[in-house]
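> Below is the structure I would like to discuss, written out as structure tokens.
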Amino acid sequence: MALTFHTFKYLEKLKKENFFFGETLSLGRLNNLINKDDFKTLKISVSSDDYADNILFENFNLKSLKSLDFSKFENADIICNLNEPIEKLDKKFDTILDFGTSEHVFNIPQCLKNISDLCKIDGHIIHCLPANNNCGHGFWQFSPELFFNIYSKKNGFKNTEIFLINLFDKKNWYKINKQKLGERLELNSSEPLYILVKTKKIGSNYFKNINQSDYEYQWSDINKTETNKKSFLSLLNINIKNKFKYLLKTNLITKSLYLKIEKTKLHNKNNFKVSKNLEKKSI
């Protein structure tokens, strides 16, 4: 749970867009993990505080800042177990900051439901969570499709935007565009990646029918119609390719080379830097 170079830059981006932070809730007290060089790059006053409260108040138009945690070990304002439903909601907030909490919560569906319940109508939820190559940091790493599906109009959200960030790249982010129905948005990397998510709550959160796009497509009548439209030659061509690949894969002479080539192709095909669903953005 921390304010870092990237999370500060994102809040700064929102500030330039006249974002209303209002009454803000942080999941866990935000540690100050901005280093001295980053303070200089960000052009803000250096702070040696362990926590980022003062940095947030000095640089953003927060009306108030509260924190929520499982225990009192960091003097959080609200003590709550996000694994379980919040039975008594005394207050809701304009902005929820989840900068590295949800990956540590076992019951993710309930955690995300609680976060939404804590948010006012017309309020915003902002996440910065591990996406790839952070195995063991927490219980979970998160895919863009999860948030595109949860934070949709049918579930009471709109204006959802998602960025992929490389922790070692402080010059660029990658804006993620939702994939087409029937496609799977897979992103590989050799670097640790995090996902930045912002959404606006506009109604009751139902959290129903959360399925991956490619499976919804396979189950749909659209897929059956399009499958029936495929020409005989198209299906024959696919069949021939699959048989040829099978021969290369099972032949003792070609097997090793074939598998090596296929592995490289798969990694390159899904590498986040060349994904058709990502737009590189300078920060």
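Bear in mind that the values in this text are calculations on the coordinates, not laboratory data. What you are looking at is a predicted structure, and each value in this text was computed from that prediction instead of being measured. Here the Cβ positions follow ideal geometry from the backbone for every residue, glycine too, while neighbour counts run over all protein chains shown.
> Which three extents, in whole angstrom, do the alpha-carbon atoms of the stretch 2-213 cover along their principal axes, largest first?
Dimensions of the stretch 2-213 along the principal axes of its Cα atoms: 48, 43, 35 Å.
> May I ask for the net charge around residue 104, where only other residues with Cβ less than 12 Å from the Cβ of residue 104 are counted and Lys, Arg are +1 while Asp, Glu are -1?
Numbers: positive: none; negative: 69, 98, 103.
Residues close to residue 104 contribute a combined charge of -3.
> Tell me which residues come under 5 Å, amide H to amide H, from residue 182 once H is placed; ignore anything under 5 positions away on its chain.
Sorted by chain and number, the residues that satisfy this are 214, 217.
> Placing one identical point scatterer on every Cα of the stretch 130-280 and ignoring solvent, what is log10 I(q)/I(0) from the Debye formula at q = 0.12, 0.17 Å⁻¹?
The calculated log intensity ratios at q = 0.12, 0.17 Å⁻¹ are -0.73, -1.13.
> With a 10 Å radius around each residue's Cβ, average the other Cβ atoms per peptide and rank 117-126, 244-253, highest first.
117-126, 244-253
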